[in-house]
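The values are calculated or read from the model by the stated rules, or taken from the named source; none is laboratory data. Since we're looking at a predicted model, the values are computed, not measured. So basically every Cβ, Gly included, is an ideal-geometry build from the backbone, and we count neighbours across all protein chains shown. For the accessible areas, the whole protein counts, side chains as well, though only heavy atoms, and no ligand, DNA or RNA atoms are used. Shrake-Rupley method; radii C 1.70, N 1.55, O 1.52, S 1.80 Å.
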Amino acid sequence: MAHKSVQDIRNEVISNVGKEVILKADMGRKRTKTKTGVIVDAFPSVFTVKVNNDFDVERTVSYTYSDILTSTVKLSAD
């Protein structure tokens, strides 16, 4: 998702609510986590994604739109 502003990112996330996405999160020190999940909801400052971890436990994680803007989190359509 290449975007220019937080509003563009917010609109893109809102349009993908309920769809499956691939989530790549930068954990620092050259570590990244890649997960597949479904965007559950989009709020004014954050959005939530429901993911399954290695033990098949369903978990909801939240990220800010600025995480995508700063490339800390990358979303791509599955």
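Here are a few things to note about the model shown:
- Which numbered condition THR48 fails, given (1) of a type in the set (Val, Ile, Thr); (2) touching a residue at least 40 places away in the same chain (Cβ under 8 Å); (3) assigned to a strand (DSSP E or B): (2)
- Residues within region 47-59 that are aromatic (Phe, Trp, Tyr) and open to solvent by less than 80 Å² (accessible area, probe 1.4 Å), tallied: 1
- Options VAL21, VAL40, VAL13, VAL6; residue that is free of Cβ contacts under 8 Å to residues at least 40 places away in the same chain and of a type in the set (Val, Ile, Thr): VAL40
- Residue within region 16-29 that is among the aliphatic types (A, V, I, L, M), assigned to a strand (DSSP E or B) and open to solvent by 70 Å² or more (accessible area, probe 1.4 Å) present: yes
- Filter result for SER62 (open to solvent by 50 Å² or more (accessible area, probe 1.4 Å) and of a type in the set (Ser, Thr, Tyr)): yes
- For ASP54, the stated conditions hold: it is free of Cβ contacts under 8 Å to residues at least 40 places away in the same chain, out of contact with any Gly (no Cβ under 6 Å at 6 or more places or on another chain) and not in a strand (DSSP E or B).
- Being of a type in the set (Lys, Arg), open to solvent by less than 60 Å² (accessible area, probe 1.4 Å), part of a strand (DSSP E or B) and farther than 23 Å from GLN7 by Cβ is a property that LYS35 has.
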